[in-house]
Amino acid sequence: MNSEPLWKHLDTPILSSSYWMSQGIDTHTSVALETFQCQLVSRKFLNSSVIYIEPQVPNVIIPHQDILKLHWVKYMQRLIEVGRVTAFFVERFHLRLSIIDVIVPSLLQMPYIKELGLCNCNVDTNGLLLLAKTLNKNYTLKRLLLNENQIVEADVANELSHAVEHHSTLQELCISHCGIGTNEHILPLILKGCSNLKVLRLNENNISSKNITHIGEFLSGNPLLSCIRLDRNLLVDDDAKHLSEALSTNNNLQYLYIKGNEFTDIGKEQLMRAVLDTATLNSIAESNHETEIVFNESVLSSYINDKYWPRKKKVQYKILLTLYGINNETPVIQYFNEISLELIPHVLELIQTELDCLEKHDAPSFIVENEPRQLLTRMFCLLRELPCLYAGETQQILPDKQMLDSN
């Protein structure tokens, strides 16, 4: 069995792990560097339309080495010649301007490229600026991932925002764990260019109350955005008001992810009122019926918004759930205070028609067990108390007895 290392059988010089160790680099990283060179020289992944390059040694981040530029140049040249690349991802390689200048312009001029990811690559300021400027020359990209690269300078945020805003096909921008919230001036610059996106990921960016007004104003403007991820940031109960108010004027957003923030039940309740305000039946109808708010746990009233139902059906379902008493301990009779008496039979008919909807598992499994029995109880309470609505009204509805006698 041949025990010689692979790099000795390749036609392009490879610096072995022993060389890198002699430069003071630890053993795991040195092995990863040797393996990486072998991958580039052997043109690995060239037969695939989706290319994913990462160190083969787990948890290793390969530092930038200018001496590797020649390998990148040859690899990208070969990729242009034979590859029909639709997606290209690099992860856990530190990429400075000299390498970015090789990778990015080559990729973004490819005719089929749809996705580009440079994640945890420690791309420096000049590299990010080059990427933003090159992005303006591309007309095919749909998804850009820059997770775990620091975006903390106004020039970078402004250039990136401008490039995203004027890109004709880009739909998703992923900039999680980029330190955006550490500088309160960065987020508004980025949001300025994101109105035409479909997905914006801002997870783990130290976004706090200092930034919430910018997010609220952005969502209130009803951008085309269908999903925004704010998971694992630093939002608190006081921030829920801004998000809730923004949802009252937004009818495009379908998913608002806020897992792992610092909301208590108070903040969650404030947010849920945006999608199901149970003050009156009218307020239920005027709630947001598009956005599912995703906490760490499922919430029924938010879950309804994820249904592919017409708005009318969502409104009906929410009214029914409110009348049934799910997630609500207030007596159901209060919701009829503002309803014209002639409409009440229609509401009762709606309830009776839909009474078995939960029994047929139309609702999610997290509804309390034995709910149908509770539903019937709520229906009974409603019917028992309904006559009180007519008190003081019968004189207006029924003819006066003396008038009847005189006729």
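The values are calculated or read from the model by the stated rules, or taken from the named source; none is laboratory data. Keep in mind it's a predicted model, so treat the numbers as computed, not measured. Virtual Cβ from ideal backbone geometry, glycine too; neighbours counted across all protein chains shown. Side chains included, ligands, DNA and RNA excluded: accessible areas come from the protein's heavy atoms. Shrake-Rupley method; radii C 1.70, N 1.55, O 1.52, S 1.80 Å.
Evaluated against (1) aliphatic (A, V, I, L, M); (2) more than 23 Å from residue 196 (Cβ to Cβ); (3) in contact with a Lys or Arg (Cβ under 8 Å, 6 or more places away or on another chain), residue 266 falls short on exactly one condition, (3).
For first residues located in the stretch 54-76 and within 23 Å of residue 26 (Cβ to Cβ), partners that are open to solvent by 70 Å² or more (accessible area, probe 1.4 Å) and lie 6+ apart or on another chain with Cβ distances below 6 Å form the pairs 57/28; 60/28; 64/96. Filtering 118, 130, 95 for residues that are open to solvent by less than 60 Å² (accessible area, probe 1.4 Å), under 24 Å from residue 154 (Cα atoms) and under 26 Å from the mean Cα position of the chain (by Cα) leaves a single hit, 118.
Report, by residue number, each residue of the stretch 277-322 that is charged (D, E, K, R) and either open to solvent by less than 30 Å² (accessible area, probe 1.4 Å) or modelled with pLDDT of 80 or more (or both).
277, 286, 290, 292, 306, 307, 311, 312, 313, 314, 318 - these are the residues of the stretch 277-322 that are charged (D, E, K, R) and either open to solvent by less than 30 Å² (accessible area, probe 1.4 Å) or modelled with pLDDT of 80 or more (or both).
Taken as a whole, the structure leaves residue 161 outside the set of residues that are part of a loop (DSSP other than H, G, I, E, B), small (Gly, Ala, Ser) and under 20 Å from the mean Cα position of the chain (by Cα). The set of residues in the stretch 192-216 being charged (D, E, K, R) and closer than 26 Å to residue 169 by Cβ consists of 192, 198, 201.
For the stretch 78-92, filtered to residues that are aliphatic (A, V, I, L, M) and open to solvent by 20 Å² or more (accessible area, probe 1.4 Å), the residue that is nearest to residue 118 (Cα to Cα) is 80.
Scanning the stretch 256-285 for residues that are part of a loop (DSSP other than H, G, I, E, B) and without any contact (Cβ under 8 Å) to a residue 24 or more places away in the chain yields 277, 279. If you check 219, 235, 253 for being within 27 Å of residue 183 (Cα to Cα), open to solvent by less than 20 Å² (accessible area, probe 1.4 Å), in contact with a strand residue (DSSP E or B) (Cβ under 9 Å, 6 or more places away or on another chain) and not in a helix (DSSP H, G or I), only one passes: 253.
Tell me which residues, restricted to the stretch 176-209, are under 11 Å from residue 230 (Cα atoms), open to solvent by less than 10 Å² (accessible area, probe 1.4 Å) and assigned to a loop (DSSP other than H, G, I, E, B). 202, 205, 207, listed by residue number.
Note on the stretch 47-77: residues that are farther than 17 Å from residue 14 by Cα, exposed (fewer than 14 other Cβ atoms within 10 Å of the Cβ) and more than 28 Å from the chain's Cα centre (by Cα) amount to 3. Answer yes or no as to whether residue 128 is modelled with pLDDT of 95 or more and outside any loop (DSSP other than H, G, I, E, B). Considered against the rule, which asks whether it is modelled with pLDDT of 95 or more and outside any loop (DSSP other than H, G, I, E, B), residue 128 comes out as yes.
Residues are listed down the side, and each one gets a yes or a no for (1) more than 22 Å from residue 112 (Cβ to Cβ); (2) in contact with a Pro (Cβ under 8 Å, 6 or more places away or on another chain); (3) surrounded by 20 or more Cβ atoms within 10 Å (Cβ to Cβ):
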{"residue": "134", "(1), (2), (3)": "no, yes, no"}
{"residue": "153", "(1), (2), (3)": "yes, no, no"}
{"residue": "161", "(1), (2), (3)": "yes, no, yes"}
{"residue": "170", "(1), (2), (3)": "no, no, yes"}
